[in-house]
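These notes are about the structure you will find just below.
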Amino acid sequence: MDQSGLLSTMDLHISLHRELIELEREKISRILAQDWSGLEEQVKRSTEILHRIETAEHRRVKILQAQGRGADATLAEIVEILSTEGGKELQLRGQTMRSLLTELRDLSRRCEELISSSLEVVDFTLSLLAGRGTGGKTYSGEGSEQADRDDHPSLVFDVKA
């Protein structure tokens with residue numbers, strides 16, 4: 001098996017995923033700063049990196065297919081056919097990739113939560129400006145829920161001073 005090609009492909013995957021993690025961190029900063037044009041630029045850069053990851057994955061698949069393995073061959077199966085040293089190096093790279101993918105997943109979820117929260121604020125603000133109700137219920141001065149009256153939409157919470 002082309003050990004050096006497989007190891008260099010894994011190194012490329014690791015490098016690209018590290019870049020992607022850094023971009024996800026920058027996206028979070030942009031979201032928190034409400035820098036939407038900067039966020040859009042980060043998304044474009046992420047897309048470019050994802051294309052490079054796809055290219056590296058095609059390379060990995062070709063190496064495996066040249067050895068009669070399928071694209072879905074597990075790391076454990078590949079390690080078995082490599083030399084002892086090559087197998088150990090590949091296992092280390094596999095552990096690094098698992099760690100990077102876990103971190104990337106967590107950062108992506110955080111971005112998703114932040115964007116969702118931002119969209120809820122935008123939706124609420126638009127509801128206030130457009131004069132739409134916020135879901136049919138508000139709170140009375142005593143803190144209990146009450147249905148909106150049909151004669152005028154309530155857009156904010158009624159609060160005792």
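Please treat every number below as a calculation from the coordinates, not as lab data. None of these values were measured; they are calculated from a predicted model. For neighbour counting, all protein chains shown are included, and Cβ atoms are generated from backbone atoms with ideal geometry for every residue, glycine included.
Given 20 °C and 1.002 mPa s, compute D for the range 1-51 with the Stokes-Einstein relation, Rh being the Kirkwood radius over Cα pairs; round to the nearest whole µm²/s.
In µm²/s, the coefficient rounds to 177.
Provide, in order from the shortest bin, the percent of all Cα-Cα pairs of the range 1-127 in each 5 Å bin, continuing until the bin that contains the maximum pair distance.
Each 5 Å bin holds this share of Cα pairs: 2, 10, 17, 18, 14, 11, 9, 7, 6, 3, 2, 1, 0.
For every other residue with a beta carbon closer than 13 angstrom to the beta carbon of residue 82, add +1 if it is Lys or Arg and -1 if Asp or Glu, then tell me the sum.
It works out to a net charge of -2.
With θ set to phi - 60°, apply the Karplus curve 6.51 cos²θ - 1.76 cosθ + 1.60 along the range 6-17 and write out the HN-Hα couplings as whole Hz, x wherever there is a Gly or Pro.
Rounded to whole hertz, the list is 5, 5, 5, 5, 5, 4, 5, 4, 4, 4, 5, 5.
Convert each backbone phi in the range 97-106 into a coupling constant with the Karplus relation 6.51 cos²θ - 1.76 cosθ + 1.60 (shift: θ = phi - 60°), then list the ³J(HN,Hα) values in order as whole Hz, x for Gly and Pro.
4, 4, 5, 5, 5, 5, 5, 4, 4, 5
When only DSSP loop residues count, what trypsin sites (Lys or Arg not before Pro) in the range 27-82 have their Cβ near at most 16 other Cβ atoms within 10 Å?
Listed in order of number, the matching sites are 69.
Residue-wise, which Karplus ³J(HN,Hα) couplings in Hz belong to the range 30-41, taking 6.51 cos²θ - 1.76 cosθ + 1.60, θ = phi - 60°, and x for glycine or proline?
5, 5, 4, 7, 6, 9, 6, 5, x, 5, 4, 5
Evaluate the distance, in nm, between pseudo-label points positioned 7 Å from the Cα of residue 80 and of residue 25 along their respective Cα→Cβ axes.
Once both label points are built, they end up 3.9 nm from each other.
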